[in-house]
Amino acid sequence: MPATDHHAPALPVDLVIFGGAGDLTIRKLLPALYMAWLHGSLPANIRIIATGKQAWSLDDYRAYVECNVRPFIDARALQDDVWARFLARFDYVRIDATCADDYRALADLARHPAQRIFYLATSASLFTTICESLASVRLVDEHARIVLEKPLGHDLASARAISDDVAKYFSEAQTYRIDHYLGKETVQNLMVLRFGNPIFQPIWQAPSIRSVQITVAETVGVESRAGFYDHTGALRDMIQNHLLQLLCIVAMEPPVSLHPDDVRDEKLKVLRSLHRMSVDDVARYTVRGQYARAESDEAEIGPYSAEQGVAHGSLTETFVAVRAQVNNWRWSGVPFYLRSGKRMHKRTSQIVIDFAEAPFSIMPRDTGVSANRLIITLQPEESIRLQILAKEPGSGMRSLPVDLDLDLAQAFTERRAEAYERLLIDVIQGRLTHFMRRDELEAAWAWTDAIQSGWAAIDQAPQLYPAGTAGPPASDAMLARDGLSWFDVDGTK
Ligand code: BG6
């Protein structure tokens, strides 16, 4: 019996999306659900009930989806008959999330019994009232599940308050906190790479590894989300969740099984081992940046401060680099450099494991180039490269780094589902492994809060970097102090 059969829902599934007309639903959730529907991964009895403030009929909502969602689906996957059957699974209920009476219409529509999944693609400020209102119309029972979108709070205190409120109605086992990076194929593959390949086991630690770099660089700016982003910044938007989750997977001990709590227990230990920074540490080991106007006039990009919706004189960071330390036996003395920014020179998400130099080299070679690196690229391409030294052809014994290169898209020709598709199927099937547990989230906030307070104490504006570059020079200088440099997103340094 395939493993998933065990989780196949016995009850009809009602997937209720709050924020049904919102950006996330349109760009990510509905395209992901369509792809899952096309490939037969959704239960045939599913209903997708969108809710929103708009006084729309179901036909109005379908027309909205028709017009706005289709552009986000790969045209090759659009089949009119499948699309029509997909749209037939929809319902729409007008709900002002803050108006308890509006939830009656949802209760009238609900099936009994059913597996109800509430996807809160709304601002976290609405989570409490939505949970209360759902419970008041008796839609929350032991089969119900709730999916919470980030940002889950603004700091540790607000994250706790949200979790306390949600926990009044949904147990931890019913709560799915999404970090879409955990749904990415290559991120899941990282677990297999680490725990399925024993050759890495003895060297996956200090002193065999001398540093780890995790970069998530974006070329886009804040787009239409300035209202949200300007109150959030890169530390809360990216580092607190996506980059720390990647760090956890790189640094965790082997879990005893893939059971959600076994995996999450190990990730939690990593988060708890992170050195909590003092103000001095923050000054030394973090860099805040904000993009300025691009250097080339043609591009006419930036500055951030002139983006529509950004507050005049905003001090929000669009770039962060941090030198983190995992204080435990395995990682003592190994710096973990994290970096993420908007409007950088290249879109890439990459983890670079930098192995220690040979204790003594008998061969002449370029200085400053590490012998061995494992470079895991999550996007745009998905690859794993192991950099080794090889002899340069010709006379002499000069060596140069070359790559053993695994292109995952070529190695596996099967379709690779998008992160949201995989995670939505996990929710429907009740698999929690790739979702954050409350204590993980809180440990991540505790670490980021220390950085945030350090910045407040230092009270300096973020350093400007021209749009289209790799961030402020201070980020390079931070690594240079350790005798290292960022592995350039283009590949070679
Ligand atoms: C989101 C952030 O969580 O992740 C965005 O809020 C960011 O600001 C996005 O652009 C990046 O996701 P991906 O999958 O495109 O790397």
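The values are calculated or read from the model by the stated rules, or taken from the named source; none is laboratory data. None of the values given here were measured: they were computed from a predicted structure. Note that we place each Cβ from the backbone using ideal geometry, even for glycine, and neighbour counts take in every protein chain shown. Calculation scope for accessible area: heavy atoms of the full protein, side chains included, ligands and nucleic acids excluded. Shrake-Rupley method; radii C 1.70, N 1.55, O 1.52, S 1.80 Å.
Looking only at residues in the stretch 215-225 that are loosely packed, with under 14 Cβ neighbours inside 10 Å and in contact (Cβ under 8 Å) with a residue 12 or more places away in the chain, the one that is farthest from the ligand (Cβ to nearest atom) is S224.
Scanning the stretch 142-167 for residues that are surrounded by fewer than 18 Cβ atoms within 10 Å (Cβ to Cβ) and part of a helix (DSSP H, G or I) gives A157, S158, R160, A161, D164, D165, A167. Every test in (1) away from the ligand (no atom under 16 Å from the Cβ); (2) part of a strand (DSSP E or B) is passed by I376 save one, and that test is (1). Across the stretch 168-186, not a single residue is classified as assigned to a loop (DSSP other than H, G, I, E, B), away from the ligand (no atom under 16 Å from the Cβ) and among the aliphatic types (A, V, I, L, M). R385 falls short on exactly one of the conditions (1) more than 30 Å from P462 (Cα to Cα); (2) within 16 Å of the ligand (Cβ to nearest atom); (3) surrounded by 14 or more Cβ atoms within 10 Å (Cβ to Cβ); (4) among the charged types (D, E, K, R), and that condition is (2). Taking the criterion of being away from the ligand (no atom under 16 Å from the Cβ) and open to solvent by 30 Å² or more (accessible area, probe 1.4 Å), the residues of the stretch 187-209 that qualify are V192, F195, G196, N197, P198, I199, Q201, P202, I203, Q205, P207, S208. Residues that are surrounded by fewer than 18 Cβ atoms within 10 Å (Cβ to Cβ) and in contact with a Ser or Thr (Cβ under 9 Å, 6 or more places away or on another chain) were ranked within the stretch 240-259; the one that is modelled with the highest pLDDT is H259. Kindly provide the set of residues from the stretch 35-84 that are over 24 Å from A419 (Cβ atoms), open to solvent by less than 70 Å² (accessible area, probe 1.4 Å) and without any contact (Cβ under 8 Å) to a residue 12 or more places away in the chain, ordered by number. Passing the criteria: A63, A84. For the stretch 132-174, the set of residues classified as within 21 Å of P12 (Cα to Cα) and touching a Phe, Trp or Tyr at 6+ places or on another chain (Cβ under 8 Å) consists of L134, A135, V137, L139, V140, A144, R145, I146, V147, listed by residue number.
Among the residues making up the stretch 168-186, a single one is open to solvent by 50 Å² or more (accessible area, probe 1.4 Å), of a type in the set (G, A, S) and in contact (Cβ under 8 Å) with a residue 12 or more places away in the chain: A173.
Of the helices (runs of 4 or more DSSP H) entirely within the stretch 42-138, those holding at least 3 residues that are hydroxyl-bearing (S, T, Y) occupy 127-136. Step by step: first the residues of the stretch 388-419, then only those that are in contact with a Pro (Cβ under 8 Å, 6 or more places away or on another chain) and not small (G, A, S), then the one that is most open to solvent (accessible area, probe 1.4 Å). Which residue is that? So, considering only residues that are in contact with a Pro (Cβ under 8 Å, 6 or more places away or on another chain) and not small (G, A, S), the one most open to solvent (accessible area, probe 1.4 Å) is E418. With the structure loaded, tell me whether V212 is under 30 Å from S133 (Cβ atoms), open to solvent by less than 60 Å² (accessible area, probe 1.4 Å) and away from the ligand (no atom under 16 Å from the Cβ) or whether it fails that test. No, not satisfied.
Taken over the stretch 309-320, the criterion of being part of a loop (DSSP other than H, G, I, E, B) and either free of Cβ contacts under 8 Å to residues at least 40 places away in the same chain or open to solvent by less than 10 Å² (accessible area, probe 1.4 Å) (or both) is satisfied by H312, G313, E317, T318. In this structure, T98 does not qualify as hydroxyl-bearing (S, T, Y) and touching a strand residue (DSSP E or B) at 6+ places or on another chain (Cβ under 6 Å). Could you list, in sequence order, all residues of the stretch 294-318 that are touching a Pro at 6+ places or on another chain (Cβ under 7 Å) and modelled with pLDDT of 95 or more? Those that are touching a Pro at 6+ places or on another chain (Cβ under 7 Å) and modelled with pLDDT of 95 or more: L315, E317.
Looking only at the stretch 149-163, decide whether some residue is hydroxyl-bearing (S, T, Y) and under 22 Å from the mean Cα position of the chain (by Cα). Scanning the stretch 149-163, I find at least one residue that is hydroxyl-bearing (S, T, Y) and under 22 Å from the mean Cα position of the chain (by Cα), so the answer is yes. Residue selection: T129 fails the criterion of being within 16 Å of the ligand (Cβ to nearest atom) and out of contact with any Leu (no Cβ under 8 Å at 6 or more places or on another chain). Filtered by the rule that a residue be part of a strand (DSSP E or B) and either over 21 Å from E266 (Cβ atoms) or hydroxyl-bearing (S, T, Y) (or both), the stretch 321-334 gives A321, V322, R323. Just one of the listed residues (Y103, Y92) is closer than 26 Å to A55 by Cβ, open to solvent by 10 Å² or more (accessible area, probe 1.4 Å) and of a type in the set (F, W, Y), namely Y92.
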